[in-house]
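Engineer: Have a look at the structure that comes next, please.
Values in this text are rule-based calculations from the coordinates and carry no lab data. Just so we're clear, the structure is a prediction, and the values are computed from it rather than from any experiment. For neighbour counting, all protein chains shown are included, and Cβ atoms are generated from backbone atoms with ideal geometry for every residue, glycine included.
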């Protein structure tokens, strides 16, 4: 029984040695192999990866499950050589505190109109604007998965009216939930700050566009921490220039890195962030891998299995 690590031993995530040391501590009975050191492929029962190349990964005949660190799976979910075994996310079940603080930071920054004050400071202008109270600023989450629910509840505790829009109906006693295409317009109609944390699918690509911007109250704001292709860039610039939107904060962009000639860099109503919302530690990732393997080895299933037909 062996675990193959692919694409996770990087400076951004953690060295190969840090993976070996942490896995030896948390999964002492598991042999660990770091690609391209595959060895006997018949011994590999688990595969954990980031940005996998299934043309390079050899067939693994006894593979039981795979674990993806990628925020989205759209880049590989339809690969013809994708192993036909369960695929799970490597995510903490209660959300990631880094993501929570990041979402809260952007929401509060826009809510308290910090971009306007920064602009005033650059112009040496003593600007005093009316203060909008939390109960007057409606926050709407597009997507209410693990990464969204924790900040949504924190914002609710601060006094903001919080709602969410999801694909299918679901019971959420603490947060009003809209669902499906027919309820997207009424959801956005009552959303002052829209926070996108959706997966990228055929249905959600380009969801933040002229049509949906016009559904929001005039002067609304958008925060995209989902995927870059959720946003139609030209429509965003037009909505900001017309005043339909007053501000946008973008952590996920398309393409990445954002080209130097993109108009988003210099737009006075846009914050561009280089996809830095969260960086899980090797220990966090290994802890989730270990929990999943223990579940599978004792007859359970993956803790957060990805539906390959839906793409999330």
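Engineer: Among 11, 235, 214, which one moves the most in a GNM of the chain with springs linking Cα atoms closer than 10 Å?
Structural biologist: 11
Engineer: Quick one: divide the alpha-carbon radius of gyration of region 233-292 by 2.2 N^0.38 Å and tell me what you get.
Structural biologist: Numbers: Rg = 16.6 Å, N = 60, 2.2 N^0.38 = 10.4 Å.
That works out to 1.59 for region 233-292.
Engineer: State, to one decimal in nm, how far the label point of residue 156 lies from the label point of residue 114, with both points 7 Å from Cα in the Cβ direction.
Structural biologist: Taking the two extended label points, one gets 2.5 nm.
Engineer: Right, next: Please arrange 66, 105 by counting, for each residue, the other beta carbons lying within 10 Å of its beta carbon, fewest first.
Structural biologist: Lowest count first: 105, 66.
Engineer: When the Cα centres of region 1-42 and region 283-312 are compared, how far apart do they sit, in Å?
Structural biologist: Their Cα centres are 17 Å away from one another.
Engineer: If you don't mind, another one. Given the -39500 (n - 2.57) contribution per DSSP H run of 4+ residues, what per-residue ellipticity at 222 nm results for the chain, rounded to the nearest 500 deg cm²/dmol? Let's see the in-between values first.
Structural biologist: Details: 8 runs with 83 residues, N = 312.
Dividing the helical sum by the residues of the chain leaves -8000 deg cm²/dmol.
Engineer: Round to the nearest 0.05 the FRET efficiency obtained for residue 38 and residue 126 when R0 = 51 Å and r is the Cβ-Cβ distance. All intermediate terms of the calculation are to be shown ahead of the outcome.
Structural biologist: On the way: r = 64 Å, r/R0 = 1.26.
The value I calculate is 0.20.
Engineer: Using the count of nearby Cβ atoms within 10 Å as a rough guide to exposure, how do 295, 246 rank from fewest to most?
Structural biologist: Going from least to most buried by this count: 295, 246.
Engineer: Give the separation of the Cα centroids, region 57-111 to region 168-214, in Å.
Structural biologist: Centre-to-centre (Cα) distance: 21 Å.
Engineer: Pick the calculated Cα extents along the principal axes in Å for this structure from [x] 66, 42, 35; [y] 63, 51, 41; [z] 71, 50, 34?
Structural biologist: The calculated read-out lines up with [x].
Engineer: Let me ask something else about it. Among 277-287, 80-90, how do they line up by average Cβ neighbours within 10 Å per residue, starting with the highest?
Structural biologist: So the peptides 277-287, 80-90, ranked by packing, come out 277-287, 80-90.
Engineer: Specify the angular offset, from 0 to 90 degrees and rounded to the nearest 10, of the alpha carbon long axis of helix 233-242 from the longest principal axis of the alpha carbons in the chain.
Structural biologist: 20
Engineer: Determine, for 308, 149, the number of other Cβ atoms within 10 Å of each Cβ, and report the residues in order from fewest to most.
Structural biologist: Final ranking by Cβ density, sparse to dense: 308, 149.
Engineer: Starting with the highest mean, order 197-207, 253-263 by the number of other Cβ atoms within 10 Å, averaged over the residues of each peptide. Please report the intermediate quantities before stating the final value.
Structural biologist: Numbers: 197-207: 18.7, 253-263: 12.2.
With the highest mean Cβ count within 10 Å placed first, the list reads 197-207, 253-263.
Engineer: Kirkwood Rh over alpha-carbon pairs of region 97-272, then Stokes-Einstein at 10 °C and 1.306 mPa s: what D in µm² s⁻¹, rounded to an integer?
Structural biologist: Taking Rh from Cα pairs, D becomes 97 µm²/s.
Engineer: Name the most mobile residue of 165, 126, 265, meaning the one with the largest mean-square fluctuation, in a Gaussian network model of the chain with Cα contacts below 10 Å.
Structural biologist: Result: 126 has the largest fluctuation of those listed.
Engineer: Provide the percentage of antiparallel DSSP beta bridges, counting only those with both residues in the chain; round to the nearest 5.
Structural biologist: So the antiparallel bridges amount to about 0 percent of the total.
Engineer: Moving on. Report the label-to-label distance for residue 10 and residue 241 in nanometres (one decimal), using points 7 Å from each Cα along the Cα→Cβ vector.
Structural biologist: Roughly 3.4 nm, to one decimal.
Engineer: Find the all-direction average of the projected area of the Cα convex hull for region 29-161, expressing the result in square nanometres with one decimal place. Display every interim value, and only then the final one.
Structural biologist: Numbers: hull surface 50.4 nm².
Result: 12.6 nm².
Engineer: Hey, another quick one. Compute the long axis of helix 97-111 from its Cα atoms, compare it with the longest principal axis of the Cα atoms of the chain, and write down the angle in degrees, 0 to 90, nearest 10.
Structural biologist: 10
Engineer: Among 182, 241, 251, whose mean-square fluctuation peaks in a Gaussian network model of the chain (Cα, cutoff 10 Å)?
Structural biologist: Among 182, 241, 251, the largest mean-square fluctuation in the Gaussian network model of the chain belongs to 182.
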